[in-house]
Amino acid sequence: MKASEPKFVSFRSLLGDALRGARALGLGALLSVVAALVCGCTGGRGLAVYSVAVGGSPRPGKQVIAQYKCGTCHTIPGIPHADGVFGPPLNFLGRRTMLAGNLPNTPANLVQWVMSPQSMKPGTAMPDLGLDERQARDVAAYLETLR
């Protein structure tokens with residue numbers, strides 16, 4: 001192997017080294033190391049796709065967002081001219097834990113919020129746009145890509 005080539009380390013080897021080091025630090029450190037390794041490991045695969053959970057597709061969702069001019073109120077990455085400041089910016093929406101201030105950011109809640117925000121939070125500034133369920137699922141799939 002040349003010096004410039006990356007060295008690949010197996011998970012077993014990495015775990016063994018981590019456990020040996022953690023033993024010297026105590027049980028708390030050991031548990032922290034194991035949790036970090038297990039939670040961060042995806043086996044070389046990407047994380048599960050959110051579009052499966054909402055039953056929509058990001059590409060048509062992006063088109064619906066542009067068609068309904070959501071960028072008039074929101075700043076939305078990837079949408080031309082979506083630089084509104086009336087509503088909250090939607091960048092990193094996929095990382096957020098809450099929607100609309102007090103709703104858990106779950107696939108079902110995001111779809112329902114996009115489809116009918118007034119039914120979830122009466123009096124909110126976000127209007128019901130008349131999206132059907134398919135459109136709402138697609139929009140939710142796109143918004144989840146904003147990480």
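Bear in mind that the values in this text are calculations on the coordinates, not laboratory data. Note that the structure is predicted; figures quoted are calculated from it, not measured. Heads up, the Cβs are rebuilt from the backbone with ideal geometry, glycines too, and the neighbour counts pull from every protein chain shown.
Computed from label points 7 Å out along Cα-Cβ, the spacing between Thr106 and Arg147 is 2.1 nm. Placing unit charges on the Cβ atoms only, positive for Lys and Arg and negative for Asp and Glu, gives the stretch 64-147 a dipole magnitude near 200 debye about its Cα centre. Each Lys or Arg adds one and each Asp or Glu subtracts one; over the other residues with Cβ under 15 Å from the Cβ of Pro58, this totals +3. Net charge in the neighbourhood of Asn102 (other residues with Cβ under 15 Å of its Cβ; Lys, Arg +1, Asp, Glu -1) is +2.
Compute the length gained on full extension between Arg96 and Lys121: take 0.36 nm times their separation in residues and subtract their Cα-Cα distance, giving the result in nm to one decimal. That pair, Arg96 and Lys121, stretches by 7.2 nm at full extension. Relative contact order of the stretch 50-144: 41 percent, from C-alpha pairs under 8 Å at least 6 residues apart in sequence.
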